[in-house]
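Visitor: Quick one: this structure, given as structure tokens, is what I'll be asking you about.
Taken together, the values in this text are just the output of simple stated rules run on the coordinates, not laboratory data. Computed from a prediction, not measured in an experiment: that's the story for all the values here. Glycine also receives a Cβ, built like all others from the backbone with ideal geometry; neighbour counts cover every protein chain displayed.
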Amino acid sequence: MSTLAAHPFLGYDFFAASTMRSRDYFDATNAIVTPAVPFHTASEQRRRDAIDKILTLPQQYREANWNREGAAPIPDAAFHEARTFLQKLPDTFPLPEVTPEPDGYLGLEWYANKWLLYVVSFNGKGTLSCSGLIGPDRTYGTRYMDEGIPAEILRKIAKVLR
Amino acid sequence: MPGQSVDPSENVSRFLVKGDMRAQDNVIKPTVFFPSASNLEVSVFRIYDLSEQSIWALAIENVEPSRGPVIGRGDLTVSTIIEESLRVTPDQDPASRHADIVSWPEDRAARATIAKVLAAKASPPKKRELVNV
């Protein structure tokens, strides 16, 4: 097992440092080790724990008719997409409320009041169904997440939080 | 007794169960007015000419057996619903007082936005006082 050790040239060997990524470290033989499982700073871990906590919903929402009015079950893939979205969300944004929706989507809702709210919803098929009320304006559309969260979505959430 | 056709000036009620209201500000959640994907309908009741007690009795008889205890309701005029390009379709038997909000748009995100508007306009909800029933 590798153990974390102080490298005698750490901070001076710019060539070695340039081949390292931020979470690599040196083992006892001065070899660069990349952790198999990325570790996180304490604040990152707290954020991840908080994300896991809000995405932990009762099992009933994964079953059909959870609202006793014919609601579709929320697929596991929707939870996975929501988690990925939240992990990419800048940590300057507060975490949303998680809302199961009757058509089988999982909504992430940022809410200020009944006329100022924005929801990004996931159904496990790769699309982001976005809708909101920004004062007198209605905003809605379908977006896709590639490398990151579309800037337009971040702007809309920011308007709710302002 | 309401007629076969729904008048725009009529009120309809969407009955609320646990979890349908926000605790922090007494606002109805948009999911209350969000139609299921299977039928694109939202179930409401026509409360024309009914006393408060009769409205809650309607909920006890028709909603509680399937959805559990009714804790409140959101009222809307039919004209408010029509403004959203939706329709209110009553059951064949007007005595049932049941109707559905139909003609929702194909676009899922548009439906979600309309649900938010209806929830906002139906708020604050009328809370059920158990002593009345």
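Visitor: Under a point-charge model restricted to the Cβ atoms of Lys and Arg (+1) and Asp and Glu (-1), what is the dipole moment magnitude of region A:33-162 relative to its Cα centre, in debye to the nearest 20?
Guide: 340 debye
Visitor: So, by mean Cβ neighbours within 10 angstrom, what's the order for A:117-125, B:94-102 with the highest one leading?
Guide: A:117-125, B:94-102
Visitor: If you rank B:121, A:53, B:126, A:114 by fewest surrounding Cβ atoms within 10 Å, what's the result?
Guide: Exposure proxy ranking, most exposed first: A:53, B:126, B:121, A:114.
Visitor: So, one more: Sum -39500 (n - 2.57) across every DSSP H segment of at least 4 residues in chain B, then divide by the residue count to get the 222 nm mean residue ellipticity, nearest 500.
Guide: Details: 4 runs with 34 residues, N = 133.
Per the formula, -7000 deg cm²/dmol.
Visitor: Taking a threshold of 25 Å on the Cα-Cα distance, which of the pairs A:88/B:29; A:53/A:125; A:159/B:126; B:18/B:121; A:156/B:116; A:88/A:156 fall above it?
Guide: Pairs exceeding 25 Å: A:88/B:29; A:159/B:126.
Visitor: Over all residues in A:124-135, what is the mean tally of Cβ atoms on other chains that come within 10 Å of each residue's Cβ?
Guide: Mean partner shielding for this stretch: 3.
Visitor: Among B:16, A:57, which comes first, second and so on when ranked by fewest other beta-carbon atoms within 10 Å?
Guide: The most exposed by this proxy come first: A:57, B:16.
Visitor: While we're here: How crowded by other chains is A:100-110, given as the mean number of beta carbons from other chains within 10 Å of each beta carbon? Provide the component values of the computation, followed by the final result.
Guide: Numbers: counts 2, 8, 10, 10, 3, 5, 0, 4, 0, 4, 0.
Mean number of neighbouring Cβ atoms from other chains: 4.
Visitor: Next up: Suppose every K and R has +1 on its Cβ and every D and E has -1 on its Cβ; what is the size of the dipole of region B:22-133 about the Cα centre, in Debye to the nearest 20?
Guide: Magnitude of the dipole: close to 400 debye.
Visitor: Between residue A:62 and residue A:158, what is the label-to-label distance in nm when each label sits 7 Å out along the Cα-to-Cβ direction?
Guide: About 3.7 nm, to one decimal.
Visitor: Within a 10 angstrom radius of each residue's Cβ in B:103-109, how many Cβ atoms of other chains show up on average? Whole number is fine.
Guide: Across the residues of B:103-109, the mean count of other-chain Cβ atoms within 10 Å is 4.
Visitor: Let me ask something else. Treating only the Cβ atoms of Lys and Arg (+1) and Asp and Glu (-1) as charged, compute the dipole magnitude of the protein assembly as shown about its Cα centre; round to the nearest 20 debye.
Guide: Dipole magnitude for the protein assembly as shown comes out near 600 debye.
Visitor: So for the pair residue A:95, residue B:75, with labels modelled 7 Å out along Cα→Cβ, what separation do we get in nm?
Guide: Roughly 4.0 nm, to one decimal.
Visitor: Could you give the C-alpha radius of gyration of chain B expressed as a fraction of 2.2 N^0.38 Å, taking N as the number of residues it contains?
Guide: Working: Rg = 14.0 Å, N = 133, 2.2 N^0.38 = 14.1 Å.
Compared with the compact-globule rule of thumb, chain B sits at 0.99.
Visitor: When you take every Cα atom in the protein assembly as shown, what is the radius of gyration, and what is Dmax, the widest Cα pair distance, in Å?
Guide: For the protein assembly as shown, the Cα-based Rg and Dmax read 24.7, 89 Å.
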